[in-house]
Each structure stands twice: as structure tokens, then as C-alpha cells.
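Quick notes on the structure that follows.
The values are calculated or read from the model by the stated rules, or taken from the named source; none is laboratory data. The shown structure was predicted, so the numbers you read here are calculated from the model rather than taken from an experiment. Note that we place each Cβ from the backbone using ideal geometry, even for glycine, and neighbour counts take in every protein chain shown.
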Amino acid sequence: MNIRNTTAKERMLKKIRQALLQKRENPHSDFEDSPLYKDEEEPLDVTFAREFTQVAGNFVYCDGEISLIENLILLAEKLEIKKILAWELEIQKLLGQYGFPIYTTDQQLDGADAGMTTCEALIARNGSIMLSNGNGAGRRLSIYPPIHIVVAKASQLVMDIRHGLQRVKEKYGDHLPSMISTITGPSRTADIEKMLVLGAHGPKELYVFLIEDRF
């Protein structure tokens, strides 16, 4: 068959078939373990903070538990938050020892101003938060209230999603949660007249309070 009389599709398929006949060693066998971007040279918290704020997230660094309480009080005063829900025992214990007011049952869900949860990991590469329903917050607390506050530890920072999933596997073993997801910034949509609207399908504001625990 004269190649000049063939279609572009046929020529492309012919090249693919010829390439498949030539067996070669993988030139990038260690691709996944090699650095992909320059941001791997900077601290994970710096990368996460930059990427997270670029998608309309709010990042607050806390050098300890007292700093966390102080920043939470400032946020509550600024946004006039009256009712914060926290269903996880870890958060209840942490805030309870400092007398920070929270609601601990789902009976107040309809009137909640904010929901406070932990997370499985913070993904530095794209400023995402990895969540699961393996804790007391379940599926609802990160979605229903208009403000979502995530309390995380610096030791939960990882570079990529695959590293976050590895943490989840190590934590839960063979009993993986039925819901594992990542959120990148507050809920948004541009379906209506191509105008960006925050809070369309979930919280309109997202905060990450990062507690330093690495030193």
C-alpha cells in the first residue's frame, strides 16, 4: 500500500505497530521515586501553604496547642461563629482541656456555623486535604456546615496523593474506610453562566490550622 494514499490515522497506527515490535528496556524505571518538580526542594509546609491558598483556602500555622486556641478564638470573633461542631474525641479532648466551646452531637447540625475535623493527610503538591469516614466526623461534618475547619499536624504533611494513601493503608490495614477523598479548596462551581461561585455544593470557606509537632 502506498503510504501517500493512506489517511493520517492509518499512518499513525502503522508507526504504533512498528514501535510495538521493537522491545526496549524502560529508560525511566525509577520515575516514581525521582523528583518531579522544584518544590520538592522546599519544606512541605511551605509548598502546601502556597498551593492551598492559591485555591482560596485559608492556612493558619500554629506553633503549639495554645496558639491553636488563640487563633480559633480570633477566627470565631472575626466571622461571628457561634456554634462549632466537633464530633471526634481527639478534637474534643484537645479543645476541652482549654475550655474552648464546641458542640459534640449531631443534633445541632442544622444550625452549625462551622464543622471542625481532623484529616488523614495534607497533600503538599496540590494543596489538598485527604479525608476519610474512618473517624468520628464521618461524611457529613466536612460537607454540611458553611465553614470547614481542619485541625492537622505538621507530621501529616506528605508530597503526593500516593503518599497519603500509603498513610491510610498503614493506619487502617485491611479495614480501609468506605470513603477516602481529597478536597482542594472550598466547594465551587462555574456551571451557571461561567461565574465562579464558592459554597455551591459544600462549605464556602475552608481553614487548615496546622499544629507544629515535628520538633
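A few comments on the model shown:
- Annotation: MET130 fulfils all but one of (1) under 13 Å from VAL151 (Cβ atoms); (2) part of a strand (DSSP E or B); (3) touching a Gly at 6+ places or on another chain (Cβ under 7 Å); the unmet one is (1).
- In the stretch 133-158, the residues that are out of contact with any Asp or Glu (no Cβ under 9 Å at 6 or more places or on another chain), outside any loop (DSSP other than H, G, I, E, B) and of a type in the set (Gly, Ala, Ser): ALA152
- Scanning the stretch 73-121 for residues that are touching a Lys or Arg at 6+ places or on another chain (Cβ under 9 Å), of a type in the set (Asp, Glu) and either free of Cβ contacts under 8 Å to residues at least 60 places away in the same chain or more than 30 Å from ASP160 (Cα to Cα) (or both) returns ASP106, ASP113.
- Checked against the criterion of being at pLDDT below 95 and closer than 29 Å to ARG214 by Cβ, the candidates GLN108, GLN97 yield just one match: GLN97.
- Residue within the stretch 35-49 that is aliphatic (A, V, I, L, M), in contact with a Cys (Cβ under 6 Å, 6 or more places away or on another chain) and either part of a helix (DSSP H, G or I) or surrounded by 14 or more Cβ atoms within 10 Å (Cβ to Cβ) (or both) present: no
- Residue that is of a type in the set (Val, Ile, Thr) and surrounded by fewer than 16 Cβ atoms within 10 Å (Cβ to Cβ), where the choices are VAL55, VAL151: VAL55
- Note on the stretch 93-138: residues that are within 23 Å of ILE66 (Cα to Cα) and among the polar types (S, T, N, Q) amount to 4.
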